[in-house]
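Enquirer: Please see the structure below; I have some questions.
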Amino acid sequence: MISRSGTETSVKMSSSVSSAMHLVLTGILNSSGVDVSKMLDCSGDDITFWGKKESGKTIFANYVAKYIYENYHSVKKIPIILDCKMLQGYKNAIEKAVISKTSDLMDESKAISKEKIISLLENGCFVLILDNFDKLANSKALVDTFKTKYPNNKIIYFRTEIPAAFTDEDE
């Protein structure tokens, strides 16, 4: 099920346990699965994936990051996965985590300065994949702070809690 609210698209993931994760993603499914490029083109909207525990959210988050990385020439975004269980709830937690994670991913011979990472953030060069988003204290305030400072980066949220709009009758 997909719902839209302001600049966010929400997707409910099936909780059935099987070898393939079933997603209800109208408009972004193709014959071989999820068309991540269409998902990323959701007119600048952030996207939220909702799913029950063990439904495959983290696996799908990693798939999305891998797709973006492997298709950088067409996507032109840098994927960064942040496990929100590991983030502290301080004001600039997301920004600091992106800077740290980006620096950690770089080879020592190709080090990147904090100033360059901030420039990339300012230019909207990242897709942030926030896994376990519902585990982040002060999550709305932290995202609002980040989005105010860096509005052009896309955020994809992966959450365990199921919103009231999604009921068991939708499964």
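Enquirer: Using a 1.4 angstrom probe on the protein heavy atoms only, could you order Glu95, Glu70, Glu54 from most to least accessible area?
Expert: Working: Glu95 20, Glu70 105, Glu54 150 Å².
Ranked from most to least accessible, the order is Glu54, Glu70, Glu95.
Enquirer: Sticking with this one: I need the phi-derived Karplus couplings for segment 101-115: 6.51 cos²θ - 1.76 cosθ + 1.60, θ = phi - 60°, integer Hz, Gly and Pro marked x.
Expert: 5, 5, 4, 5, 6, 7, 5, 4, 6, 10, 4, 10, 6, 4, 4
Enquirer: Near the amide H of Lys154, under 5 Å away, which other amide H atoms are found, from residues 5 or more places off or on another chain, if H is placed in the peptide plane?
Expert: Result for Lys154 returns Phe126, Leu128.
Enquirer: Expressed as a whole percentage, what fraction of the accessible surface of segment 84-124 belongs to carbon and sulfur atoms when a 1.4 Å probe is rolled over the protein heavy atoms?
Expert: Details: 1300 of 2780 Å².
Whole-percent figure for carbon plus sulfur exposure: 47.
Enquirer: With θ taken as phi - 60° and the coefficients 6.51, -1.76 and 1.60, list the Karplus ³J(HN,Hα) couplings across segment 87-99 in order, rounded to whole Hz; mark glycine and proline as x.
Expert: Values per residue, Gly and Pro as x: 7, 7, x, 7, 3, 9, 4, 5, 4, 5, 5, 5, 4 Hz.
Enquirer: Something else: What does the extension gain come out to for Ala111 and Glu70, with contour length at 0.36 nm per residue minus their alpha carbon separation?
Expert: Gain on stretching Ala111 to Glu70: 12.7 nm.
Enquirer: Which sequence of Met106, Met86, Met39 reflects their accessible areas, 1.4 Å probe, from the largest down?
Expert: On the way: Met106 75, Met86 150, Met39 0 Å².
Per-residue accessible area, sorted high to low, gives Met86, Met106, Met39.
Enquirer: Sticking with this structure for a sec: Around Ile81, which amide H atoms from residues at least 5 apart in sequence, or from another chain, sit under 5 Å from its own amide H, with H modelled in the peptide plane?
Expert: Ile129
The values are calculated or read from the model by the stated rules, or taken from the named source; none is laboratory data. The model shown is predicted, which means the values in this text are computed figures rather than measured ones. Accessible surface is based on the protein model in full, side chains and every heavy atom, while ligands, DNA and RNA are left aside. Shrake-Rupley method; radii C 1.70, N 1.55, O 1.52, S 1.80 Å.
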